[in-house]
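Data block below; observations after.
The values are calculated or read from the model by the stated rules, or taken from the named source; none is laboratory data. Every value quoted in this text rests on a predicted model; they were computed, and no experiment measured them. When we count neighbours, we look across all protein chains shown, and the Cβ atoms used for this are built from the backbone with ideal geometry, even at glycine. Note: areas computed on protein heavy atoms with side chains; ligands, DNA, RNA excluded. Shrake-Rupley method; radii C 1.70, N 1.55, O 1.52, S 1.80 Å.
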Amino acid sequence: MMIATAGQLPYILVAIMASICIYAALFKSNLFKKMLAIFLLTDAVNLLFIIQGYRLGNSIPPIIPPGMDPSDFASIAVDPLAHYFVVTAVVIGLAEVATLTALIIYTYKHYGTIETKKIKELRG
Amino acid sequence: MIATIELVIDLLLAFCVVLTAAIVFTKDLLLAVVLAGAEGVLVATVFYLLLAPDIALVQVAAGVGISTAFFIVGLRKIGRREE
Amino acid sequence: MLDIILLFSLGMFITTITLSMYRMVVGPTIPDRMLALDVISYGLTVVMGIIAVISGSPYLIVISFSLALWFFIGALYVARYMEGEQIGD
Amino acid sequence: MSGWRGSLLGVLFVASMSSILVYAFLGYPELGFVRPLGEFYLFNTYNFENQDWWSASPNAVTGLLWDYRGYDTLYETMVFYVGIVAVAMFFEGHAKLTKTGGMTVIVRATARMVFVFILTSAFAITIFSIKTPGGGFQGGSIMAIAYIAIIVALSKGFLPEMNIDLEKAHIAKIIGLALIAGLTIVPVVYSLASGSVAYALQNQPKAWAPFGYPTYLGLTSLSGGLIIPIQLGEMVHVGMGFTIMFLLLTMKERED
């Protein structure tokens with residue numbers, strides 16, 4: 001049986017944020033709203049990565065100060081692997097947003113609306 | 001000091017949840033874009049407090065600088081109101 | 001002495017941010033919220049600098065003075081939208 | 001879904017989804033545990049005693065980006081390139097950049113000054129990324145902000161005055177990519193020519209693979225081998241890529 005402690009409160013908040021975004025991406029009718037939800041879902045997942053790599057106590061950023069012993073550094077710095085994943089994921093998420101914007105503008109030019117319900121009616 | 005920073009992180013994340021709900025349920029798309037920018041700033045602050053300076057830089061640039069520009073260009077072409 | 005000044009200014013700026021957050025949640029029009037977002041951002045910049053000084057980490061202060069440059073650009077986009085023209089023309 | 005029934009369904013969906021996610025996330029260890037792989041990178045990134053595995057960069061994230069996991073970053077860059085191509089497929093607009101008034105004179109003057117500051121800080125963040133936070137992706141995003149601010153505050157017609165238009169941006173982006181590709185391939189060519197062992201994207205010399213980029217510029221200043229030039233290439237690629245996407249999205253579409 002798993003019981004949440006105070007140290008795991010960030011996980012719970014991020015989970016609520018992600019589930020709201022998933023709801024909007026699935027059930028909202030407006031395409032623009034769906035795109036915003038997908039963008040915020042990226043943020044929530046990035047937060048999950050960084051929270052997981054955090055280290056309690058006297059931790060420092062993953063940049064070694066001059067003159068510090070590497071084994072000391074490895075025992076107090078936060079996880080650089082999570083940072084690496086997030087740095088690339090943010091830029092890829094932005095490229096995704098640009099592509100979706102292009103698709104939405106194209107849809108609006110073609111159908112005259114971006115509501116999925118109306119597009120369904122137009123198709124008959 | 002450490003416990004204080006954890007408390008601040010929890011508060012900021014709770015505010016992020018409120019902003020997400022507001023973005024999803026508002027009818028005004030321009031308001032949704034502005035609130036998304038605010039959420040980008042808050043998420044960047046959380047990254048800073050979690051000792052990730054590299055990501056705080058790229059997150060502010062992405063969340064406020066570039067994504068808002070794309071959203072606004074899209075809004076200018078498709079109209080502001082959601083049905 | 002310096003500690004007291006730092007903590008006092010930290011408290012002042014956190015108060016500023018809290019008040020502006022109220023304006024951002026409640027504020028009736030879009031420009032109100034955008035201005036509130038600007039004030040929050042600059043307050044956050046100062047708070048980041050103060051936290052870097054308190055925790056004594058030189059790598060964290062790089063963020064605060066480079067972030068101050070491009071916070072205002074979001075307001076620029078919204079102002080351009082409000083002018084009612086196509087972006088980029 | 002309409003009325004109260006729709007909102008009730010929404011609340012139920014969010015509650016069940018978030019309980020599933022919370023159940024999954026609580027399986028993670030509590031804050032304060034770093035994976036052994038992360039500890040390996042932290043221990044080796046600037047370790048003088050163990051120079052077979054080091055990356056010669058005090059910033060662990062930078063070393064991770066282009067030394068330990070260079071292949072991953074290379075493919076991320078390819079994904080970004082495909083994104084640019086996808087946007088260009090939808091909007092192959094005319095490359096005519098018309099000059100109009102823009103916003104008020106105060107905003108225009110401020111935007112010009114801030115353009116210089118932002119571009120300088122982008123280069124500084126990229127070049128000093130070995131010792132301070134920053135890197136190619138960060139610098140590229142910041143560079144894109146500078147150009148996008150100019151497009152929004154002045155107009156697209158001012159870009160040719162700054163020696164940038166669509167074709168030049170494409171050329172600069174391809175030069176950045178070619179820099180990355182060249183630095184990747186040089187060790188392979190060396191190994192084929194000399195008959196010794198070398199790996200693609202190899203940065204520092206190993207005991208069994210003698211090829212390596214210089215660790216120090218001059219005598220003391222740390223250069224980190226291939227990391228700085230490859231970050232510059234990545235910065236130009238990302239910055240010009242976002243500028244091209246924004247320019248294409250704001251073009252007037254062709255009349256069909």
Checklist entry - So how many residues does the range D:181-221 have that are of a type in the set (Phe, Trp, Tyr) and surrounded by 13 or more Cβ atoms within 10 Å (Cβ to Cβ)? => result 4
Next on the checklist: Residues that are more than 7 Å from chain D (Cβ to nearest Cβ), in contact with a strand residue (DSSP E or B) (Cβ under 7 Å, 6 or more places away or on another chain) and closer than 30 Å to D:Phe25 by Cβ: does the range A:95-117 have at least one?
Outcome noted: no
Next on the checklist: Checking the structure you have, find out if any residue of the range C:27-42 is more than 10 Å from every other protein chain (Cβ to nearest Cβ), closer than 26 Å to B:Ala14 by Cβ and touching a Ser or Thr at 6+ places or on another chain (Cβ under 8 Å).
Outcome noted: yes
Checklist entry - So which residues in the range D:165-175 are farther than 22 Å from D:Ile127 by Cα and either without any contact (Cβ under 8 Å) to a residue 24 or more places away in the chain or open to solvent by less than 20 Å² (accessible area, probe 1.4 Å) (or both)? => result D:Lys168
Checklist entry - Just wondering, is there one or more residues in the range A:48-61 that are more than 8 Å from chain D (Cβ to nearest Cβ), over 11 Å from the mean Cα position of the chain (by Cα) and aromatic (Phe, Trp, Tyr)? => result no
Next on the checklist: Anything in the range D:179-213 that is touching a residue at least 12 places away in the same chain (Cβ under 8 Å), over 22 Å from D:Ser57 (Cα atoms) and aliphatic (A, V, I, L, M)? List them, or say none.
Outcome noted: D:Val188, D:Val197
Checklist entry - Taking into account only those residues within the range C:54-70 that are aromatic (Phe, Trp, Tyr) and facing chain B (nearest Cβ under 7 Å), which is most open to solvent (accessible area, probe 1.4 Å)? => result C:Tyr59
Next on the checklist: among the charged types (D, E, K, R) and under 17 Å from C:Ser41 (Cα atoms): is that true of B:Glu39 in this structure?
Outcome noted: yes
Next on the checklist: Looking at A:Leu36, A:Leu40, A:Leu81 in this structure, which one is touching a Gly at 6+ places or on another chain (Cβ under 9 Å), within 7 Å of another protein chain (Cβ to nearest Cβ) and not hydroxyl-bearing (Ser, Thr, Tyr)?
Outcome noted: A:Leu81
Checklist outcome for this item: When every residue in the range A:62-78 that is more than 7 Å from chain D (Cβ to nearest Cβ) and either within 23 Å of D:Phe90 (Cα to Cα) or among the small types (Gly, Ala, Ser) (or both) is compared, the one most open to solvent (accessible area, probe 1.4 Å) is A:Gly67
Checklist entry - Given the residues B:Gly79, B:Gly65, which is the only one that is of a type in the set (Gly, Ala, Ser) and open to solvent by 10 Å² or more (accessible area, probe 1.4 Å)? => result B:Gly79
Checklist entry - Would it be correct to say that C:Ser9 is under 18 Å from B:Val8 (Cβ atoms), touching a residue at least 40 places away in the same chain (Cβ under 8 Å) and of a type in the set (S, T, N, Q)? => result yes
Checklist entry - Which of (1) in contact (Cβ under 8 Å) with a residue 40 or more places away in the chain; (2) open to solvent by 30 Å² or more (accessible area, probe 1.4 Å); (3) in a loop (DSSP other than H, G, I, E, B) is the odd one out, the single condition D:Trp53 does not satisfy? => result (1)
Checklist entry - Hey, among the residues in the range D:97-132 that are of a type in the set (Val, Ile, Thr) and open to solvent by less than 30 Å² (accessible area, probe 1.4 Å), which one's nearest to D:Thr62 (Cα to Cα)? => result D:Ile130
Checklist entry - From the list D:Ala178, D:Ala149, D:Ala144, which one is at negative phi, surrounded by fewer than 17 Cβ atoms within 10 Å (Cβ to Cβ) and either in a loop (DSSP other than H, G, I, E, B) or not basic (Lys, Arg) (or both)? => result D:Ala178
Next on the checklist: For the range B:3-17, check the following and say yes or no: at least one residue is crowded, with 20+ Cβ neighbours inside 10 Å and under 25 Å from A:Leu103 (Cα atoms).
Outcome noted: no
Checklist entry - Exactly one of (1) outside any loop (DSSP other than H, G, I, E, B); (2) of a type in the set (A, V, I, L, M, F, W, C); (3) open to solvent by 10 Å² or more (accessible area, probe 1.4 Å); (4) more than 7 Å from every other protein chain (Cβ to nearest Cβ) is unmet by A:Ile92. Its number? => result (4)
Checklist entry - Within the set of pairs 6 or more residues apart or between chains, which connect a residue that is closer than 28 Å to D:Phe43 by Cβ inside the range D:68-86 to a residue that is among the polar types (S, T, N, Q) and open to solvent by 70 Å² or more (accessible area, probe 1.4 Å) with Cβ atoms less than 7 Å apart? => result none
Checklist entry - open to solvent by 20 Å² or more (accessible area, probe 1.4 Å), closer than 21 Å to B:Tyr48 by Cα, facing chain D (nearest Cβ under 7 Å) and in contact with a helix residue (DSSP H, G or I) (Cβ under 7 Å, 6 or more places away or on another chain), is that true of A:Ile22? => result no
Next on the checklist: Considering only the range D:222-245, I want to know if a residue exists there that is open to solvent by 20 Å² or more (accessible area, probe 1.4 Å) and closer than 23 Å to B:Ser67 by Cβ.
Outcome noted: yes
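Let's see how each residue does on (1) more than 7 Å from chain A (Cβ to nearest Cβ); (2) within 24 Å of A:Asn46 (Cα to Cα); (3) among the hydroxyl-bearing types (Ser, Thr, Tyr):
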| residue | (1), (2), (3) |
| --- | --- |
| D:Gly6 | yes, no, no |
| D:Glu39 | no, yes, no |
| D:Leu65 | no, yes, no |
| D:Gly70 | yes, yes, no |
| D:Val79 | no, yes, no |
Checklist outcome for this item: The condition from (1) under 28 Å from the mean Cα position of the chain (by Cα); (2) open to solvent by 10 Å² or more (accessible area, probe 1.4 Å) that A:Lys118 misses is numbered (1)
